[in-house]
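A.B. asks: Below is the structure I would like to discuss, written out as structure tokens.
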Amino acid sequence: MRRRARGSPAQPAFVIQGPHSRPVVTYGAFAERVARAAAFLTEHGLKHGERCALIGANHPDWCAAWYAIVSLGAVAVTLDPQLSPATLGALMKDAGARFAIVDAKAEAQSAAWTQLEQVFSLNEQANGVFSSNAAAPEELIGGGDELAGLLYTSGTTSEPKGVMLTHTNLLTAVDGIILALRADHRDVVLSVLPFFHILAQIGGMLAPLTVGATVVLLPEIEVTRITGALRDGGITIFFCVPQFYHLFLRRMRAQIDESPRLRRMFPRLLRWNRRARALGLNAGKVVFKKVHAAFGPKIRAMISGGAALDPEAARTFYAMGIDVLQVYGLTETTGAIAMGRPGETIIGTAGRAVPGAEFRIDVPDGRGSPRAPGEVLVRGAMVMPGYYNRPGEARIENSWFHTGDLGYLDGNGYLYLLGRAGDTLVLPSGKKIQPSELETHFARSKLIAEVGVTLAPGGAGSDPQLHLVVVPDLEAIRAAGTGNVEQEIHEEVANLSAALPSYKRVAGVTITREPLPRTTTRKLKRAALQEWVKASQAAERVGLKPVWRDADRAWAEVPAHARALELIAARVGRPRAELHPDLHLDIDLGLDSLARLSLLSELNVNAAGEVLATVQSVRELVEATASGAPAPAAPASSRPPPRSQVLTLLTFALLRGVRGMAWLFLGMRVKGADHLRPPGAALICPNHQSLLDILLILSVLPWSVLRRTCMVGKPKYFSGLLLPLVRRIGVMPIDASRNLPTAIAESVARLERGAVLVVFPEGTRSWDGTLLPFRHGAAVIAQRARAPIVPVAIDGTHRVLPRGRFFGGLHRVTIRAGAAILDDPSADVHARTSTLRARIASLLQGASS
């Protein structure tokens with residue numbers, strides 16, 4: 001760095017990319033800051049081999065202080081500024097630090113660190129490390145196998161350990177990164193990883209400053225700031241965590257979904273350019289011009305590190321003509337030991353060993369395979385000598401360091417990682433699951449913000465089962481216009497589970513707004529997650545416990561708000577004092593869309609149906625009541641277009657053909673057919689196993705019933721000329737998830753005119769034939785129309801046309817109808833729904849036997 005400063009003093013070493021300015025620190029100015037800090041620390045007695053803590057946010061002054069500490073032969077103890085003051089104090093005590101250098105935020109917490117001799121500020125003031133005017137020592141002290149740094153592991157499974165890194169470790173790691181990326185003085189590096197992280201120290205500070213490159217820093221880490229810096233900062237090399245790439249794709253897909261044309265074209269364009277790239281052509285910069293523009297015109301290496309990048313995300317970027325290189329390493333290996341190379345994109349791999357590193361898999365052939373992986377071992381001059389004050393805890397045998405990661409090597413030396421050995425979940429069947437694999441799979445959903453997989457105790461002392469903890473993305477769910485968060489998440493999990501082998505499917509789901517337990521580097525604390533699930537008894541919902549502030553209490557005491565809160569409290573059976581305004585109506589209070597619709601009506605909210613999808617919290621519900629005018633009288637339901645008897649008769653004939661085919665190939669049997677001949681208005685409510693269900697149910701109805709049968713269907717299934725046709729045979733094209741009041745009102749109006757309504761009370765298909773929770777819509781419609789409900793059990797269709805697959809094979813199908821559940825004015829909606837589910841469950845038992 002000193003040579004660069006002497007040879008090119010005006011070359012920018014750092015650029016701080018602010019929202020309105022771009023301060024530049026040249027190599028000459030940076031070297032002067034290092035010299036000032038070294039002089040100050042020498043004056044205050046920092047000696048060769050002593051520890052000095054460094055705590056602060058990413059800034060050129062942090063880097064200058066690090067260089068100053070290490071140039072004196074002292075040891076830089078770099079700590080995470082987000083840790084609590086007590087934890088920071090404990091780590092500095094463990095390291096034996098005499099001094100600490102801190103930024104302004106950390107300095108405000110420093111009074112508790114009484115074991116330190118002094119705390120210095122990262123500024124030029126009286127006690128600041130840049131306040132000295134004395135001459136700095138010219139000679140660099142230390143080197144070789146002497147300690148240069150002490151970094152603490154994040155402590156995902158145990159107490160943090162101090163990783164000792166020598167000058168040799170650092171130099172080897174720096175050389176490996178430079179050679180792997182072919183970095184030089186023309187590069188501009190953007191690293192948004194915090195400098196206390198070893199990958200940031202090597203890739204975002206030491207390596208760039210060694211070759212004379214420019215480092216761009218951001219005062220705030222946010223997706224739009226990052227893309228702005230990439231676009232306008234002339235960035236050539238970008239280091240980031242996988243979450244950025246995943247979030248970028250999620251936002252991109254949200255914009256694509258707004259355009260039906262783009263939604264259709266985008267997958268085709270991806271397939272086309274993926275095939276073109278396989279032939280050595282890349283039209284990504286033309287076909288996906290806006291995406292490439294977001295990353296700037298000079299970018300040549302986009303690097304993902306700190307955790308595994310979802311292979312599906314990597315494939316999407318590759319198909320758009322962008323290579324995202326993975327880097328793999330640990331604090332114990334001084335950062336990167338494997339990395340993808342520019343121009344070498346192998347999806348799903350962590351890359352090849354960096355220069356100076358050597359891999360072996362702890363299996364007999366030393367390579368392993370996808371079916372027989374082993375622990376990844378590494379050796380090289382970048383491997384630490386051990387943990388500070390913990391002799392013998394590091395597994396280093398014959399120079400091979402045991403990483404604790406599972407993986408295998410292919411014939412070309414590419415490393416594939418499968419997860420942490422200590423994270424492996426062993427099922428009662430003996431099957432082994434890597435939770436990170438399932439978490440990556442479920443995290444692809446745009447409705448899921450965070451996800452964790454663990455084992456939860458089975459019911460009644462049975463064997464442990466796979467359990468999913470989901471933090472929903474409430475903004476994405478709100479944008480989708482759906483009402484029930486819980487139902488949407490369960491349906492999304494069921495959809496994603498269909499693509500998994502049966503032994504990898506989760507047995508339970510907990511939905512919560514509580515952030516999952518993570519380290520400050522965003523790694524999941526698995527032991528803490530398992531304890532949390534155990535403590536919550538694997539509940540379906542775990543409500544948030546928000547903090548009451550004075551503004552919240554004042555809001556709750558407003559007379560108009562207090563009246564609404566009283567009504568909500570009575571509905572949920574909780575004291576009004578517990579109804580914090582930020583509680584979520586569905587997740588925290590268990591109010592589904594029908595319950596919220598009922599509340600909105602009782603509170604006289606104008607246009608309750610339109611408000612329903614936008615009201616999610618107690619605050620939003622209460623303020624909707626305070627601002628809304630009294631609800632007008634509901635308009636009379638418009639009559640549907642006249643039913644076409646010709647089209648209905650043609651449909652009847654086709655359905656009879658379906659029934660014949662089902663009898664011939666599926667051996668379909670119908671039990672209790674007499675119950676499928678209601679003389680007047682009625683609901684027919686089957687369970688839902690497959691797309692075949694509606695065809696088979698309609699095929700067994702007699703003409704006298706089919707000619708007046710109707711159902712609600714999502715408009716997306718009836719586009720173009722099909723829409724007016726299906727309306728003429730009784731289909732009501734309404735998206736009930738977005739417009740529940742209209743769906744209910746139309747259904748009730750049809751029943752009042754003597755129709756028979758087919759409703760699937762589960763609302764979605766089961767992926768294994770198991771009966772899912774029932775929604776209350778059928779019971780509400782029956783109650784309002786005073787109509788009976790005919791329960792129907794369908795069994796076997798999930799094996800013929802399973803969810804997530806085109807065809808599962810031929811299998812016997814049974815349809816069993818039960819006696820109608822008659823209208824009972826004394827029964828509420830919940831009781832009717834429970835009765836219906838119990839009757840169908842009983843019929844299913846009979847169908848199975």
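The values are calculated or read from the model by the stated rules, or taken from the named source; none is laboratory data. Please read these numbers as outputs of a predicted model, since none were measured by experiment. Cβ: placed from backbone, ideal geometry, glycine included. Neighbour counts: every protein chain shown.
A.B. asks: All but one of (1) under 17 Å from residue 825 (Cβ atoms); (2) buried (at least 18 other Cβ atoms within 10 Å of the Cβ); (3) in contact with a Pro (Cβ under 9 Å, 6 or more places away or on another chain) hold for residue 786, so report the exception by its number.
C.D. replies: Result: residue 786 fails condition (2) only.
A.B. asks: Pairs under 7 Å by beta carbon, first residue under 18 Å from residue 523 (Cα atoms) in region 428-442, partner acidic (Asp, Glu) and in a loop (DSSP other than H, G, I, E, B), six or more apart or different chains?
C.D. replies: The qualifying pairs are 440/310.
A.B. asks: Check whether at least one residue in region 344-352 is modelled with pLDDT of 90 or more, in a loop (DSSP other than H, G, I, E, B) and more than 25 Å from residue 524 (Cα to Cα), and report yes or no. Full working, then the answer.
C.D. replies: Residues of region 344-352 that are modelled with pLDDT of 90 or more, as a first pass: 349-352.
The next check asks that each one be in a loop (DSSP other than H, G, I, E, B); those that pass are 349-350.
Next cut, more than 25 Å from residue 524 (Cα to Cα) only: none.
Among the residues of region 344-352, not one is modelled with pLDDT of 90 or more, in a loop (DSSP other than H, G, I, E, B) and more than 25 Å from residue 524 (Cα to Cα), which makes the answer no.
A.B. asks: If you don't mind, another one. Please tell me if residue 286 is β-branched (Val, Ile, Thr) and either farther than 21 Å from residue 199 by Cα or under 22 Å from the mean Cα position of the chain (by Cα) (or both). Break it down stepwise before answering.
C.D. replies: Details: β-branched (Val, Ile, Thr): yes; either farther than 21 Å from residue 199 by Cα or under 22 Å from the mean Cα position of the chain (by Cα) (or both): yes.
It is true that residue 286 is β-branched (Val, Ile, Thr) and either farther than 21 Å from residue 199 by Cα or under 22 Å from the mean Cα position of the chain (by Cα) (or both).
A.B. asks: List the helices (runs of 4 or more DSSP H) that sit entirely inside region 410-515 and contain at least 1 residues that are more than 16 Å from the chain's Cα centre (by Cα).
C.D. replies: Numbers: elements: 435-442, 474-480, 485-497.
It comes to 474-480, 485-497.
A.B. asks: Sticking with this one: Regarding region 212-223, can at least one residue be identified that is free of Cβ contacts under 8 Å to residues at least 24 places away in the same chain, assigned to a helix (DSSP H, G or I) and of a type in the set (Val, Ile, Thr)?
C.D. replies: no
A.B. asks: Looking at (1) touching an Asp or Glu at 6+ places or on another chain (Cβ under 9 Å); (2) on the phi < 0 side of the Ramachandran plot; (3) at pLDDT below 95, which is the one condition that is false for residue 45?
C.D. replies: (2)
A.B. asks: Moving on to the next point. Report, ordered by the first and then the second residue, all pairs with beta carbons closer than 8 Å, sequence separation of six or more or different chains, a first member in region 561-584 that is in a loop (DSSP other than H, G, I, E, B), and a second member that is among the polar types (S, T, N, Q).
C.D. replies: 581/617; 582/617; 583/617
Conditions (1) of a type outside the set (S, T, N, Q); (2) surrounded by 15 or more Cβ atoms within 10 Å (Cβ to Cβ), marked per residue:
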position: 375; (1), (2): yes, yes
position: 387; (1), (2): yes, yes
position: 392; (1), (2): yes, no
position: 404; (1), (2): yes, yes
position: 419; (1), (2): yes, yes
position: 424; (1), (2): no, no
position: 438; (1), (2): yes, yes
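A.B. asks: In this structure, does residue 191 turn out to be touching a residue at least 40 places away in the same chain (Cβ under 8 Å) and farther than 30 Å from residue 19 by Cα? Break it down into steps so the answer makes sense when it comes.
C.D. replies: On the way: touching a residue at least 40 places away in the same chain (Cβ under 8 Å): yes; farther than 30 Å from residue 19 by Cα: no.
Criteria not met by residue 191.
A.B. asks: So which residues in region 236-270 are among the aliphatic types (A, V, I, L, M) and assigned to a helix (DSSP H, G or I)? Outline the logic, then answer.
C.D. replies: The initial filter retains those residues of region 236-270 that are among the aliphatic types (A, V, I, L, M), namely 237, 241, 247, 249, 252, 254, 256, 262, 265, 269-270.
247, 249, 252, 254, 256, 262, 265, 269, 270 - these are the residues of region 236-270 that are among the aliphatic types (A, V, I, L, M) and assigned to a helix (DSSP H, G or I).
A.B. asks: Scanning for something at pLDDT 85 or above and assigned to a helix (DSSP H, G or I), does region 706-720 turn up at least one residue? If you could, list the steps in order and put the result at the bottom.
C.D. replies: Of region 706-720, the ones at pLDDT 85 or above are 706-712.
Those still in the list that are assigned to a helix (DSSP H, G or I) too: 706.
Among the residues of region 706-720, at least one is at pLDDT 85 or above and assigned to a helix (DSSP H, G or I), which makes the answer yes.
A.B. asks: Also: Pairs please, first residue from region 691-710 and in the same structural domain as residue 814 (by TED's automatic domain parsing) and surrounded by 21 or more Cβ atoms within 10 Å (Cβ to Cβ), second anywhere and part of a loop (DSSP other than H, G, I, E, B) and among the aromatic types (Phe, Trp, Tyr), Cβ atoms under 9 Å, 6+ apart in sequence or on different chains.
C.D. replies: The qualifying pairs are 693/760.
A.B. asks: Answer yes or no as to whether residue 642 is without any contact (Cβ under 8 Å) to a residue 24 or more places away in the chain, over 45 Å from the mean Cα position of the chain (by Cα) and in a loop (DSSP other than H, G, I, E, B). Steps first, answer last, please.
C.D. replies: On the way: without any contact (Cβ under 8 Å) to a residue 24 or more places away in the chain: no; over 45 Å from the mean Cα position of the chain (by Cα): yes; in a loop (DSSP other than H, G, I, E, B): yes.
So residue 642 fails the test.
A.B. asks: Consider residue 386 against the criteria (1) more than 20 Å from residue 240 (Cα to Cα); (2) in contact with an Asp or Glu (Cβ under 6 Å, 6 or more places away or on another chain); (3) in contact (Cβ under 8 Å) with a residue 60 or more places away in the chain: it satisfies all of them except one. Which criterion is unmet?
C.D. replies: Against the list (1) more than 20 Å from residue 240 (Cα to Cα); (2) in contact with an Asp or Glu (Cβ under 6 Å, 6 or more places away or on another chain); (3) in contact (Cβ under 8 Å) with a residue 60 or more places away in the chain, residue 386 comes up short only on (2).
A.B. asks: In region 721-757, how many residues are assigned to a loop (DSSP other than H, G, I, E, B), more than 29 Å from residue 670 (Cα to Cα) and not aliphatic (A, V, I, L, M)? Break it down stepwise before answering.
C.D. replies: Keep residues of region 721-757 that are assigned to a loop (DSSP other than H, G, I, E, B), which gives 721, 728-730, 734-739, 753-755.
Checking the rest, the ones that are also more than 29 Å from residue 670 (Cα to Cα) come to 721, 734-739.
Still in the running and not aliphatic (A, V, I, L, M): 735, 737-739.
Qualifying residue count, region 721-757: 4.
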